[in-house]
Structures are given as structure tokens and as C-alpha cells.
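Asker: Below are the C-alpha cells for one structure; questions will follow.
No lab work stands behind these numbers, since they all come straight from the coordinates. Computed from a prediction, not measured in an experiment: that's the story for all the values here. Please note: Cβ atoms are built from the backbone with ideal geometry, for glycine as well, and neighbour counts cover all protein chains shown.
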Amino acid sequence: MKTMKNRSLDLSYLGYLVVALTLLATLTGTAARAENTTSAEDNDTAFPGGFHLGVDFGFGGTQVSYHDSDRSIFEDPEFGAMGGFRLGYSVTPKLALSLEGHGFGRGDEGDDDYFAVGVGVVALTWRPRADGLFLRGGLGAGGGEFRSLDMDEHVEIEDRLAWLFAVGYDWTLNEHLTLGLAAQSISMDVGGVTGYDDDQAGASGAVVQFTWHP
């Protein structure tokens, strides 16, 4: 573990970032509907709209941190697999709303290094240029099972506040299918697990995402 005397940027700020992104995306979508701009059908760079179904998979590392009044402790990441799905609808060429589930896992249940977390969120995806570039943020609930370096046994958590943040780019393969790459982070509040004032657990990594547009 690594101890930092000066409290620096940690996972808790990710929650504020998601909220800010959500507000920004909402304002952007409202402005887009109010303006008489070029429609998606008339814009060669516009991204496919309407309903969409997506899956993603990749690899990442664990994120476990503890904070109290005078110090922050971050565990070294341990690597594993990430995956998820989403069902969404593009409200405007720049804004999409989705229901998403994402998870991370490593090791086998019962092993000392077993770590498994999952989140379910309502997410907003913002495409600033109405093309493949996107920012995504979501809030919801999560749970899982993990063991920190200071614990003698695993703990199970459920129904905790959770959030997601991702940035990436999608390429159109054909009329109905897109391929994307993204840097993605999922995290949840696990306060009270270790005795510190503020505990957080999650994972960050890189994922490949496939999205089908019916």
C-alpha cells in the first residue's frame, strides 16, 4: 500500500465529475433541441441515432482507497477482466440516455486475491461533435466482494452508491454496427468497511465496445 500525507485527487472527486458531466450533457441536449441545427440525417458526420444495444469487454486494475482526516491510502492495483452491457436511446445527435451494467473480476471465489464488483447505473453519453467522440457518466448502485491488504477475510457489500465515467471513440462499421475503444472507470462508496472515514472500491481500465443500432 502507498500512503499519501497530502490528500490528493481520489475516487471521491469522480463522483463530482459525473454529476458535472450529467448537468453539462443535459444542458447541451436542451440547447440542441432548442436550436434549429442540421438534423442527423443531413449531417454526414452524425452518429447513428435511436435505440441501441451495446456490450463491452477489456482489462483493468482494481481501485481501493481509504481516507480519514489526515491521510489517504491507496492500494496497488491488481489486474483482471472488465465487461458490461447497455441499452440506450439517442435523444439528440449529441445526447443519449442508457441503462448500463458493468463489472470487474479477478481470481476464483475463495482465493485470497478474489475481487469482484459490479454496478448498475443510469448513464448519459455526450457526443460534443455528434460523431464518434464521446464522454459518458452515470450514477446508480453497486456491490461485490473483496479483501483489502489489512483484512483477514473477504467482505461482501451491496446496495452502495456507485458511479461510472468513460471517454472514448466509436467508429461506424456499417449502417447498424459500431466499434469503439474507451477508458472506463467504475467505483462505489464502501464506507465503514475498514474503519476509515471514507472507503471506495472499484476498477479502471480499457474496453472494446460493440454497439448495435437496429
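Asker: Taking 4 °C and 1.567 mPa s as the conditions, I'd like the Stokes-Einstein D for segment 65-214 in µm²/s, using the Kirkwood hydrodynamic radius from alpha carbon pairs.
Answerer: Values: Rh = 16.5 Å.
Result for D is 78 µm²/s.
Asker: Would you please give the residues with an amide H less than 5 Å from that of Leu177, counting only those at least 5 places away or on a separate chain, with H modeled from the backbone geometry?
Answerer: His213
Asker: What is segment 61-117 by shape, rounded, prolate or oblate, if you read a ≥ b ≥ c off the alpha carbon gyration tensor as root eigenvalues and call it rounded for a/c under 1.5, prolate for a/b larger than b/c, and oblate otherwise? Please list the in-between numbers first.
Answerer: On the way: a/c = 3.79, a/b = 1.60, b/c = 2.37.
Oblate.
Asker: Name the residues whose placed amide hydrogens come within less than 5 Å of the amide hydrogen of Phe115, ignoring near sequence neighbours (fewer than 5 apart) on the same chain.
Answerer: Correct list: Arg106.
Asker: Continuing with the same structure: How large is ³J(HN,Hα), in whole Hz, for each residue of segment 114-123 in order, when computed from phi with the Karplus curve 6.51 cos²θ - 1.76 cosθ + 1.60 and θ = phi - 60°, using x for Gly and Pro?
Answerer: 5, 8, 9, 9, x, 9, x, 9, 9, 10
Asker: A further question on this structure: Using amide H atoms built in the peptide plane, which far-off residues or other-chain residues are under 5 Å from Ala141 H to H?
Answerer: Gly120, Ala162
Asker: Whole-Hz Karplus ³J(HN,Hα) for segment 78-89, in order, using 6.51 cos²θ - 1.76 cosθ + 1.60 and θ = phi - 60°, x for Gly and Pro?
Answerer: The phi angles translate into 10, 8, x, 9, 10, x, x, 8, 8, 10, x, 9 Hz.
Asker: Where both residues lie in segment 51-99, what percent of DSSP beta bridges are antiparallel, nearest 5?
Answerer: Working: 18 of 18 bridges.
The antiparallel fraction comes to roughly 100 percent.
Asker: Here is a further query. Tally Lys/Arg at +1 and Asp/Glu at -1 over every other residue whose Cβ is under 14 Å from the Cβ of Val121; what's the total? Walk me through the numbers on the way to the answer.
Answerer: Working: positive: Arg86, Arg136, Arg160; negative: Asp56, Glu100, Asp159, Asp189.
Cβ neighbours under 14 Å give a net charge of -1.
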